[in-house]
Structures are given as C-alpha cells and as structure tokens.
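**Q** The structure follows.
The values are calculated or read from the model by the stated rules, or taken from the named source; none is laboratory data. Predicted, not measured: the structure shown is a model, and the values here were computed from it. Here the Cβ positions follow ideal geometry from the backbone for every residue, glycine too, while neighbour counts run over all protein chains shown. Please note that ligands, DNA and RNA were not included when accessible areas were found on the heavy atoms of the full protein model with its side chains. Shrake-Rupley method; radii C 1.70, N 1.55, O 1.52, S 1.80 Å.
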Amino acid sequence: MTPDTLAILMISSGGNWSPAKWKSRLVTACPGRPVMLLPDDAADPARVRYAAVWKPERGALARLPNLEIVFNLGAGVDALLADPAFPRHTTLVRVADQDLTNRMSEYAVFHCLRYHRRHRMLEAAQARGEWLAPDQWAANAVRVGVMGLGVIGSDAATKLKIMGFDVAGWSRTPKSLDGIACFHGPAGLDAFLARTDILVVILPLTPDTRHILNRALFSRLARDGVLGGPILINAGRGGLQNEADVLACLDDGTLQGATLDVFETEPLPADSPFWRHPKVDVTPHNAADTDPDEISRYVARQIAAFEAGRGLANVVDLSTGY
Ligand code: NDP
Ligand code: OXD
C-alpha cells in the first residue's frame, strides 16, 4: 500500500466545525480519493499522505508516519505551529482565498467607517432619544495604519484607500502599494505609528509578533488626529495583544477605543471585562468566515496540482511562522 492514494481529514470539532460535514465536502471535491476522518474512522496511519486540519489535537499529526502535506483549513497557522510535535518535515499549506480576503476587508472598512462616521456616538444618542448631529470631516482627514500587508492586509489597505482614508501599511519586508505609504521592519515602526489614528491589525501570530500590541506601541500612535485619540482594530489573532495593556490604555485614554475580533482565550470568557467595556466593540472571531465548499475545492485543486508536478501555492515558511 502506497500512501499516495489517501487524503485524510482530521479536524477539531470545536466551534462551528462539524468534522462529518467537512468529510462529505472533501469526498465531493476529491472524487475517487479515499477520505477518512480521524480519529473516528479506523484507518492505517501509514496510508495517510495528506491531512486537512483545523486545530487538531496536539501530537495527532506526529502519529502519521508518511504524512507529506498538511492543509490548514484557515489562514492563520499559529495553532498548528504551537504543537511541539508538529511534523516539521512536512509541507504546510494555508488558506489564501479571495472570498475570505473580501470578508476581512469588509470588516476593516466597516469598522473604520464606524469610527470615522462616529456611529457609536449616534447609537448612544438614539438610545437616549437625543437628536445629536456631531461634526463631520472628510475621510482623508483620518489616517489608517494597517499592520500586515500580506494577502489580506494589502487588499484591506487598498479598499480603505478607495473609501478615501489616508492609508499607510507596515510589513516585515519592503512593499510598494499604489497610493499607500509603506513602512517595514522595526526601523519603520515609529514613523508608521506616528501617522496612525486607526490601527488595523491583520498580522499573523508568530514568535516575533506575540504581544506586539502593548502599551509601548499604543503610546507611539498619533494623538493629534480628528478622532480625539487612537483606535485599535484587531482582526489578526488574540495573542498579538497584551490584554491587560489594552484595558489599561483604554482606561487612561492612551487608546480612545478598540474593536476586537480575536482574544487570547476564545470563546471570550463570560467574566472578561472586554464584554462590557464602554470603549470596546467585541466580535466573536468572525471577521471572516471561510466558505467550506470553496476551501474543499481549494484543497482538491492543490492536491491535483501537486500530483501533476505543478507545485503548491501558499506554503508556510516554517522559519518565520507564517
Ligand atoms: P499573509 O501571510 O499573507 O501576510 C502576513 C503579513 O504580516 C505580511 O505582510 C507580513 O510581512 C506581515 N508580518 C509578519 N510578521 C511580521 C513582523 N514580524 N513584522 C512586520 N510584519 C510582519 O497573511 P494573511 O494576510 O493571509 O493573514 C494574516 C492573518 O490574519 C492570519 O495569519 C490570521 O491570523 C488572520 N486572520 C483572521 C481571520 C479572522 O476571522 N479574524 C480570518 C483570516 C485571517 P511580509 O509581507 O513582509 O512578509
Ligand atoms: C483564520 C481563518 O485564520 O478563519 O482565522 O482563516
């Protein structure tokens, strides 16, 4: 038995993830290929060449001796790489998909517009039955800084620019995006932060980015903008933010507001102060849902390309962690 005839599906069943539904989608997307659900289906681990996973149990991938390619069924691979037993000789492929990217950009644009159009203030006024018409300004008076200019961040930055915002971006390596001021690396961070009123975070969680969103960084954001103080929008990962610092900075005015989609602990515990904080908007890690049918076809296309010798797209660099 060669291992190359078997695609295997192994998925944590937390949240909205139904392993059985994913199996049936992959069976449809990969006609003729045996698809098995681990650990439910009895299967010889030696037959497994491919694994499609979302937050599998730690150590599970290490039990597949002939595993070659791991397909992560989402964009961020931090949970997989946090497994000390992750088989680092395999090739790790992540999701990069236009539909997912569009949804993330919608989130960034929507929440920037909420602050720009002072919608939280209008909602509060309506709740009081008050006819309040606060001053308005043009979008180009608001400086948005996007941390992370990858597949998603560069799309979000471009769409924010189309809305009229004054947009900059920050990445690890140099970038060039039409109409967007691009900064990179630790040396470019100060200048980027100093011209940012709304910080939109679309970074991956890696050893270099863990807790990058802390008091020292928030205190370098612009304080002379029309919004009256800096705003944080984090749609990357909870581990990027030092949550005690976020709360303390909201309380002492270093931050004017925060919209958080991701948290160190998810689901966000019922007693988290973020739920009821007057300056915080919480969303439940659903800035962008993936379309499972599309992602299943993506995995099938990648396997077909690989077996035809055309190589794989969106391979994770294990040395940088994204
Ligand atoms: P990419 O890998 O395409 O882009 C990552 C970007 O981050 C790149 O621009 C990269 O720089 C930059 N970056 C990485 N490390 C550093 C660093 N140390 N300093 C500065 N910049 C850095 O990822 P995607 O755009 O596809 O996704 C980004 C993240 O968004 C995912 O990892 C995931 O955590 C999150 N996400 C969240 C979702 C949600 O529902 N909330 C949904 C989907 C994704 P460079 O370009 O130089 O390599
Ligand atoms: C993620 C995703 O990485 O949903 O959060 O793809």
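**Q** Within the stretch 305-322, can you find the residues that are over 21 Å from the mean Cα position of the chain (by Cα), of a type in the set (Gly, Ala, Ser) and either surrounded by fewer than 12 Cβ atoms within 10 Å (Cβ to Cβ) or part of a strand (DSSP E or B) (or both)? Explain how you work it out, then say what you get.
**A** Here is the first cut: in the stretch 305-322, the residues over 21 Å from the mean Cα position of the chain (by Cα) are 305-312.
Now narrow it down to the ones that are of a type in the set (Gly, Ala, Ser): 305, 308-309, 311.
Selection gives ALA308, GLY309, GLY311.
**Q** For VAL200, indicate whether it is modelled with pLDDT of 95 or more, within 16 Å of ligand 2 (Cβ to nearest atom) and within 17 Å of GLY145 (Cβ to Cβ).
**A** Numbers: modelled with pLDDT of 95 or more: yes; within 16 Å of ligand 2 (Cβ to nearest atom): yes; within 17 Å of GLY145 (Cβ to Cβ): yes.
So VAL200 passes the test.
**Q** Answer yes if at least one residue in the stretch 294-303 is assigned to a loop (DSSP other than H, G, I, E, B) and open to solvent by 20 Å² or more (accessible area, probe 1.4 Å), and no otherwise. Break it down into steps so the answer makes sense when it comes.
**A** Just the residues of the stretch 294-303 that are assigned to a loop (DSSP other than H, G, I, E, B), to begin with: none.
Taking every residue of the stretch 294-303 in turn, none turns out to be assigned to a loop (DSSP other than H, G, I, E, B) and open to solvent by 20 Å² or more (accessible area, probe 1.4 Å).
**Q** In the stretch 134-154, what count of residues is obtained for those that are modelled with pLDDT of 95 or more and out of contact with any Asp or Glu (no Cβ under 9 Å at 6 or more places or on another chain)? Spell out how you get there, then give the answer.
**A** Going residue by residue through the stretch 134-154, those that are modelled with pLDDT of 95 or more are 137-154.
Remaining after also requiring out of contact with any Asp or Glu (no Cβ under 9 Å at 6 or more places or on another chain): 137-138, 146-150, 152-154.
Residues meeting the conditions: 10.
**Q** Can I ask one more? Keeping to the stretch 136-149, report how many residues are in a loop (DSSP other than H, G, I, E, B) and touching a Lys or Arg at 6+ places or on another chain (Cβ under 6 Å).
**A** Number of matching residues: 1.
**Q** Now, a different point. How many of the residues in the stretch 150-190 are within 14 Å of ligand 1 (Cβ to nearest atom) and either open to solvent by less than 30 Å² (accessible area, probe 1.4 Å) or not in a loop (DSSP other than H, G, I, E, B) (or both)? So that I can check it myself, show each step before the final result.
**A** Step one: of the stretch 150-190, the residues within 14 Å of ligand 1 (Cβ to nearest atom) are 150-159, 168-177, 180, 182-190.
Applying the additional criterion that residues be either open to solvent by less than 30 Å² (accessible area, probe 1.4 Å) or not in a loop (DSSP other than H, G, I, E, B) (or both) yields 151-159, 168-171, 177, 180, 182-190.
Qualifying residue count for the region: 24.
**Q** ASN286 passes all but one of (1) within 16 Å of ligand 2 (Cβ to nearest atom); (2) open to solvent by less than 50 Å² (accessible area, probe 1.4 Å); which number fails?
**A** With (1) within 16 Å of ligand 2 (Cβ to nearest atom); (2) open to solvent by less than 50 Å² (accessible area, probe 1.4 Å) applied to ASN286, the lone miss is (2).
**Q** Could you please let me know if VAL95 is crowded, with 19+ Cβ neighbours inside 10 Å and within 16 Å of ligand 2 (Cβ to nearest atom)?
**A** On the way: crowded, with 19+ Cβ neighbours inside 10 Å: yes; within 16 Å of ligand 2 (Cβ to nearest atom): yes.
Taking the combined requirement at face value, the residue satisfies it.
**Q** Condition first: under 21 Å from THR283 (Cβ atoms), within 16 Å of ligand 1 (Cβ to nearest atom) and open to solvent by 10 Å² or more (accessible area, probe 1.4 Å). Now tell me which residues in the stretch 220-235 satisfy that.
**A** Once the filter is applied, which keeps residues that are under 21 Å from THR283 (Cβ atoms), within 16 Å of ligand 1 (Cβ to nearest atom) and open to solvent by 10 Å² or more (accessible area, probe 1.4 Å), the stretch 220-235 yields only ALA235.
**Q** Is one or more of the residues making up the stretch 256-263 assigned to a helix (DSSP H, G or I) and either more than 16 Å from ligand 2 (Cβ to nearest atom) or closer than 22 Å to VAL200 by Cβ (or both)? Break it down into steps so the answer makes sense when it comes.
**A** Looking only at the stretch 256-263, we keep the residues that are assigned to a helix (DSSP H, G or I), and these are none.
Scanning the stretch 256-263 turns up no residue that is assigned to a helix (DSSP H, G or I) and either more than 16 Å from ligand 2 (Cβ to nearest atom) or closer than 22 Å to VAL200 by Cβ (or both).
**Q** Now a separate question. Outside any loop (DSSP other than H, G, I, E, B), within 16 Å of ligand 1 (Cβ to nearest atom) and of a type in the set (Lys, Arg), is that true of ARG103? Show your work before the answer.
**A** On the way: outside any loop (DSSP other than H, G, I, E, B): yes; within 16 Å of ligand 1 (Cβ to nearest atom): yes; of a type in the set (Lys, Arg): yes.
Answer is yes for this residue.
**Q** What do you reckon, is ASN66 open to solvent by less than 20 Å² (accessible area, probe 1.4 Å) and at pLDDT 85 or above?
**A** Working: open to solvent by less than 20 Å² (accessible area, probe 1.4 Å): no; at pLDDT 85 or above: yes.
The answer is no for ASN66.
**Q** Return the residue satisfying two criteria in turn: it lies in the stretch 214-255 and is touching a residue at least 24 places away in the same chain (Cβ under 8 Å) and acidic (Asp, Glu), and of such residues it is nearest to PRO204 (Cα to Cα).
**A** Initial filter on the stretch 214-255 (touching a residue at least 24 places away in the same chain (Cβ under 8 Å)): 214-215, 217-222, 225-243, 245-250, 253-255.
Cutting the leftovers down to acidic (Asp, Glu) gives us 243, 245.
On the way: GLU243: 17, ASP245: 20 Å.
Ranking the candidates gives GLU243 first.
**Q** Would you mind telling me which numbered condition in (1) farther than 19 Å from ASN234 by Cβ; (2) surrounded by 18 or more Cβ atoms within 10 Å (Cβ to Cβ) VAL109 fails?
**A** So the condition that VAL109 fails would be (1).
**Q** Enumerate the pairs (first residue in the stretch 303-322 and β-branched (Val, Ile, Thr); second residue anywhere and open to solvent by 50 Å² or more (accessible area, probe 1.4 Å) and assigned to a loop (DSSP other than H, G, I, E, B)) with beta-carbon separation below 6 Å, excluding pairs fewer than 6 apart on the same chain, so at least 6 apart or on different chains.
**A** Between residues of the stretch 303-322 that are β-branched (Val, Ile, Thr) and residues that are open to solvent by 50 Å² or more (accessible area, probe 1.4 Å) and assigned to a loop (DSSP other than H, G, I, E, B), the close pairs are VAL316/ARG94.
**Q** State all residues of the stretch 75-100 that are touching a strand residue (DSSP E or B) at 6+ places or on another chain (Cβ under 7 Å) and outside any loop (DSSP other than H, G, I, E, B); if no residue qualifies, say none.
**A** The answer is LEU80, THR91, LEU92, VAL93.
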